[in-house]
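Working notes for the structure below.
The values are calculated or read from the model by the stated rules, or taken from the named source; none is laboratory data. Please read all numbers here as calculations on a predicted model, not as lab measurements. Glycine gets a Cβ as well: all are built from the backbone with ideal geometry, and neighbour counts include every protein chain shown. In case anyone asks, the SASA skips ligands and DNA or RNA and just uses the protein heavy atoms, side chains included. Shrake-Rupley method; radii C 1.70, N 1.55, O 1.52, S 1.80 Å.
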Amino acid sequence: MREKATTLYIGPQHPGITGNMMVKVKVEGDTIVKARTEVGYLHRAFEKLQESRNWLQSFTLLCRFCVPEPDPVEESYARAVELLEGREVPERAKYIRVLMLELARMGAYMLWFGGQNASLGLYTMGQWSVGDRNYILDLFEELTGGRIYHMYIWPGGVRRDLPEGFADKVLRTMDYLEKRLKDYDDLMFENTIFQKRTQGVGVISKEKAVEWGVVGPVLRGCGIKSDIRIDDPYEVYDKLDFIVPTHEGGDIWSRALVRRQEIRQSIRIIRQVIEKMPSGEYYNRIPNPFKWTLPKGDAYARTESVRGEVGMYIVSDGSTHPRRTHFRGAAYVHGITLLENILVGENVADVSAIMNSLGVCPPEIER
Amino acid sequence: MNELKEVIIKRIKANFADAAERNDFKDNRLDIAVKKETIPSILFYLKDEMGFIHLSDIICVDWLEEGELEVVFILWSPVDKIKVFVRTRLDRDNPVMDNVDMIWRQANTYEREMREMFGVQFTGLVAPDEFILEDWQGPPPFRRDFDTAAYAEKTFWQRPGREDAQDVRETIAKRDGEEIPDFAKKYSR
């Protein structure tokens with residue numbers, strides 16, 4: 001007997017949704033037959049606002065593109081401006097940027113651990129990992145003055161040098177977090193509930209991943225080795241030794257494993273950065289920002305974030321203000337066309353788990 | 001890398017005679033400008049024959065003074081490690097171009113947003129009418145001639161007590177005839 005179809009609205013206010021958006025699903029019994037992402041609850045027209053700000057004033061908006069991990073957005077904007085202007089960045093600043101990006105990556109993954117597990121009803125993991133994330137936020141606070149929004153990476157380098165004794169603190173934190181990874185494994189990957197709810201759920205095949213423009217950990221969870229840090233190296237990633245973990249399978253479980261392994265790689269990168277960081281200048285001073293003009297042209301810089309490729313495209317008409325800026329977010333691809341497609345045939349109880357596993361970040365869709 | 005870029009340009013020029021290239025970038029970037037009619041075929045060619053399988057971004061830029069809208073596609077080849085910017089210009093008063101979401105599925109989202117924010121019409125685009133804006137009747141809001149500040153002032157209003165840009169506490173005290181306590185006075189502007 002065919003069951004009657006019902007429409008359910010998951011979001012915009014829903015504990016399982018990663019932010020202000022809605023997934024409208026049509027279900028027959030427990031099975032989803034149609035899904036539609038509805039956005040429009042959060043649009044702030046940042047790209048338009050940037051046109052009325054000068055090149056430097058954009059930074060207060062940039063970090064709000066994606067709250068859990070704002071640094072890749074700042075970095076890609078800063079690098080796009082440097083590309084367009086041809087501005088050199090001191091070597092030390094590049095290392096500090098990588099340090100920032102990797103710390104942000106770890107912090108965002110730890111927050112994601114909480115979200116992914118909470119979507120399955122496992123709340124202890126989130127309390128542990130988000131608690132540990134605070135140690136990273138403490139580092140950010142000391143370095144930049146802000147725990148979440150940093151506005152630290154800017155054109156020409158970084159805003160200030162590392163404080164005295166900061167490197168030791170970073171290394172101590174890394175030692176602690178590395179020890180904790182074993183606990184995470186015990187609590188998360190050894191957990192039967194987590195295994196049963198994630199293995200074989202939300203599967204994306206390799207072919208589909210390429211066709212639908214999947215990026216980042218989700219693509220690596222499909223067994224495709226793709227990482228901008230390796231493929232199109234920026235800053236000093238080409239001088240650092242790390243591997244890009246991949247997993248066959250394409251389900252939530254594989255994506256979780258990829259992220260878990262990337263935390264270890266981030267720790268490895270951070271240790272190398274501290275070891276190799278040269279002394280010297282950290283900032284190539286920009287002119288007075290109110291008179292600072294960029295040459296005519298456009299530039300696109302992209303960065304590997306925890307969600308995948310994020311990029312900033314800027315166009316200058318030779319004035320003190322951008323002609324147009326455009327932010328490319330990974331969630332823009334994952335959260336709409338891909339999510340709508342892979343939810344079909346899944347159980348309605350898994351919507352939140354699948355959405356979290358794709359790393360959908362609604363502020364990135366509605367900039 | 002430069003030889004590789006030359007080879008790519010040569011192959012594109014052999015198939016698309018009207019393509020105008022720009023190859024003076026220091027990094028792995030290449031620019032190709034074509035007519036809007038050529039866009040689907042050149043994108044198909046770049047993806048299927050040249051290995052540019054990843055679509056990074058689609059952007060619309062409003063060139064108000066020139067009366068044109070520019071649409072830029074950024075493609076990436078994971079094998080050759082080259083970025084290609086394919087750009088085309090549309091008439092600003094009648095911006096119509098072909099839909100390309102059969103080449104990359106995610107293009108659908110970009111096109112929906114461009115249709116709403118810039119008024120670009122994509123022939124053959126199958127998508128719900130509304131994306132981000134709800135019941136929007138006005139001009140496309142991301143175009144250069146749309147004044148966001150004027151629109152906001154017309155549509156929204158300031159909270160009472162703020163219109164004179166004074167301290168809210170002072171304004172309310174004045175309005176209601178209240179006395180501001182001494183400890184609060186030092187915080188007054």
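Go through region A:198-253 and tell me which helices (runs of 4 or more DSSP H), entirely inside it, have 2 or more residues that are touching a strand residue (DSSP E or B) at 6+ places or on another chain (Cβ under 9 Å).
A:216-220, A:228-231
Could you check A:T60 against (1) open to solvent by less than 10 Å² (accessible area, probe 1.4 Å); (2) assigned to a helix (DSSP H, G or I) and say which number it fails?
If we test A:T60 against (1) open to solvent by less than 10 Å² (accessible area, probe 1.4 Å); (2) assigned to a helix (DSSP H, G or I), just (1) comes out false.
Going through B:D147, B:D164, B:D135, B:D176 one at a time, which residue ends up being at pLDDT 80 or above and away from every other protein chain (no Cβ under 14 Å)?
Answer to the check: B:D176.
Hey, any hits in region A:29-47 for a residue that's of a type outside the set (A, V, I, L, M), within 14 Å of chain B (Cβ to nearest Cβ), in a strand (DSSP E or B) and surrounded by 16 or more Cβ atoms within 10 Å (Cβ to Cβ)?
Yes; the residues of region A:29-47 include at least one that is of a type outside the set (A, V, I, L, M), within 14 Å of chain B (Cβ to nearest Cβ), in a strand (DSSP E or B) and surrounded by 16 or more Cβ atoms within 10 Å (Cβ to Cβ).
Please work out which one of (1) touching a residue at least 12 places away in the same chain (Cβ under 8 Å); (2) over 25 Å from B:D101 (Cβ atoms) is the condition B:A19 fails and give its number.
(2)
Residues that are of a type in the set (A, V, I, L, M, F, W, C): find the strands (runs of 3 or more DSSP E) completely inside region A:273-340 holding 3 or more of those. Give the derivation first.
Working: elements: A:297-305, A:308-316, A:322-328.
Because the criterion is at least 3 residues that are of a type in the set (A, V, I, L, M, F, W, C), the strands (runs of 3 or more DSSP E) in region A:273-340 that meet it are A:308-316.
Could we say that A:P68 is buried (at least 21 other Cβ atoms within 10 Å of the Cβ), away from chain B (no Cβ under 14 Å) and either aromatic (F, W, Y) or not in a loop (DSSP other than H, G, I, E, B) (or both) here? Lay out the reasoning, then the answer.
Details: buried (at least 21 other Cβ atoms within 10 Å of the Cβ): yes; away from chain B (no Cβ under 14 Å): yes; either aromatic (F, W, Y) or not in a loop (DSSP other than H, G, I, E, B) (or both): no.
Taking the combined requirement at face value, the residue does not satisfy it.
So A:S52 fits all but one of (1) polar (S, T, N, Q); (2) within 14 Å of chain B (Cβ to nearest Cβ); (3) under 22 Å from A:V201 (Cβ atoms); what number is the exception?
It is condition (3) that A:S52 fails.
Being open to solvent by 20 Å² or more (accessible area, probe 1.4 Å) and within 17 Å of the chain's Cα centre (by Cα): is that true of B:R89 here?
yes
Residue-wise test of (1) modelled with pLDDT of 90 or more; (2) within 28 Å of A:G126 (Cβ to Cβ); (3) in contact with a Pro (Cβ under 9 Å, 6 or more places away or on another chain).
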position: A:K179; (1), (2), (3): yes, yes, no
position: A:M188; (1), (2), (3): no, yes, no
position: A:R197; (1), (2), (3): no, yes, no
position: A:G202; (1), (2), (3): no, yes, no
position: A:K206; (1), (2), (3): no, no, no
position: A:E211; (1), (2), (3): no, no, no
position: A:V218; (1), (2), (3): yes, yes, no
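Take A:Y313 and decide whether it is open to solvent by less than 20 Å² (accessible area, probe 1.4 Å), free of Cβ contacts under 8 Å to residues at least 40 places away in the same chain and not β-branched (V, I, T).
No; evaluated as a whole, the condition is false for this residue.
Could you look through region A:14-28, keep only residues that are open to solvent by 20 Å² or more (accessible area, probe 1.4 Å) and farther than 19 Å from A:L358 by Cα, and pick out the one that is nearest to the other protein chains (Cβ to nearest Cβ)?
Within region A:14-28, the match that is nearest to the other protein chains (Cβ to nearest Cβ) is A:K26.
Does region B:47-61 contain any residue that is free of Cβ contacts under 8 Å to residues at least 24 places away in the same chain and facing chain A (nearest Cβ under 10 Å)?
Checking region B:47-61: at least one residue is free of Cβ contacts under 8 Å to residues at least 24 places away in the same chain and facing chain A (nearest Cβ under 10 Å).
For region A:302-322, how many residues are under 16 Å from A:R255 (Cα atoms) and within 12 Å of chain B (Cβ to nearest Cβ)?
Our first condition is that a residue be under 16 Å from A:R255 (Cα atoms); within region A:302-322, this holds for A:304-309.
From what's left, within 12 Å of chain B (Cβ to nearest Cβ): A:308-309.
The total comes to 2.
All but one of (1) closer than 16 Å to A:I96 by Cβ; (2) assigned to a loop (DSSP other than H, G, I, E, B) hold for A:I270; state the number of the condition that does not hold.
The failed condition is (2).
Please count how many residues of region B:72-127 are in a strand (DSSP E or B), over 23 Å from A:A299 (Cα atoms) and either touching a Phe, Trp or Tyr at 6+ places or on another chain (Cβ under 9 Å) or at the interface with chain A (Cβ under 10 Å from one of its Cβ atoms) (or both). Show your work before the answer.
Pass one, region B:72-127, residues in a strand (DSSP E or B): B:72-77, B:82-91, B:96-98, B:121-123.
Now drop any that are not over 23 Å from A:A299 (Cα atoms), which leaves B:91, B:96-98, B:121-123.
Restricting the remaining residues to those that are either touching a Phe, Trp or Tyr at 6+ places or on another chain (Cβ under 9 Å) or at the interface with chain A (Cβ under 10 Å from one of its Cβ atoms) (or both) gives B:96-98.
Here the count works out to 3.
Restricting attention to region A:335-367, which residues are open to solvent by less than 10 Å² (accessible area, probe 1.4 Å), farther than 25 Å from A:A299 by Cβ and within 10 Å of chain B (Cβ to nearest Cβ)?
Within region A:335-367, A:G335, A:I336, A:L338 qualify.
So that you can scan it fast, the table gives a plain yes or no per residue for (1) more than 25 Å from A:E69 (Cβ to Cβ); (2) of a type in the set (A, V, I, L, M, F, W, C); (3) within 13 Å of the chain's Cα centre (by Cα):
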{"site": "A:Q261", "(1), (2), (3)": "no, no, no"}
{"site": "A:R268", "(1), (2), (3)": "no, no, no"}
{"site": "A:I274", "(1), (2), (3)": "no, yes, no"}
{"site": "A:F290", "(1), (2), (3)": "yes, yes, no"}
{"site": "A:S305", "(1), (2), (3)": "no, no, yes"}
{"site": "A:E309", "(1), (2), (3)": "no, no, yes"}
{"site": "A:H326", "(1), (2), (3)": "no, no, no"}
{"site": "A:T337", "(1), (2), (3)": "no, no, no"}
{"site": "A:P362", "(1), (2), (3)": "no, no, yes"}
